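*Asks:* Attaching a single structure in structure tokens format; questions to follow.
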Amino acid sequence: MARGDKRERDRAKKQADLASREKGTKEGRPDQRNMNDSAALGAKVAAKQAAKKAQEETDKLAAEWGAGTAGAPKVLPKKKKAVKKGDGMDDLLSAGLSASKKKGK
């Protein structure tokens, strides 16, 4: 009785072994497989070149705008106008006048 179980296990093991050997074989003619492989390789190379070009453009933009901001423009602080404390009202009003005129006349 126990021998019958062993026979079925051996049969299942043999079928699994044959199935694994069968999986390794390629279908179709070799020249057709070569053409398919070369087309797949060409598509893969083209995709890599496109990705590399896009990465280079992204790096270029990052270098232009600042490496830490990932594409955002740099924000520069606003220039502050210097305020002179000694300027009186007359100096401010005569700022656009020529220097040859005298004050007070």
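*Asks:* Net charge near GLN15, counting Lys/Arg +1 and Asp/Glu -1 over other residues with Cβ under 14 Å of its Cβ? Show your work: numbers first, answer last.
*Replies:* Values: positive: ARG7, ARG9, ARG11, LYS13, LYS14, ARG21, LYS23; negative: GLU8, ASP10, ASP17, GLU22.
The answer is +3.
*Asks:* For the range 2-66, which trypsin sites (Lys or Arg not before Pro) are both in a DSSP coil and crowded by at most 13 other Cβ atoms within 10 Å?
*Replies:* On the way: sites: ARG3, LYS6, ARG7, ARG9, ARG11, LYS13, LYS14, ARG21, LYS23, LYS26, ARG33, LYS44, LYS48, LYS52, LYS53, LYS60; in loops: LYS26.
Filter output for the range 2-66: LYS26.
*Asks:* Starting at the first residue of the range 8-14, write each ³J(HN,Hα) from the Karplus equation 6.51 cos²θ - 1.76 cosθ + 1.60 with θ = phi - 60°, in whole Hz, x for Gly and Pro.
*Replies:* 5, 5, 5, 5, 5, 5, 5
*Asks:* What accessible area, in Å² to the nearest ten, does a 1.4 Å probe give for ASP37?
*Replies:* Accessible area of ASP37: about 90 Å².
The values are calculated or read from the model by the stated rules, or taken from the named source; none is laboratory data. Remember, predicted model here, so these are calculated numbers, not experimental data. No Cβ is skipped: glycine too gets one built from the backbone with ideal geometry, and neighbour counts run over all protein chains shown. Quick note on the areas: whole protein, heavy atoms, side chains included, nothing else; ligands and nucleic acids left out. Shrake-Rupley method; radii C 1.70, N 1.55, O 1.52, S 1.80 Å.
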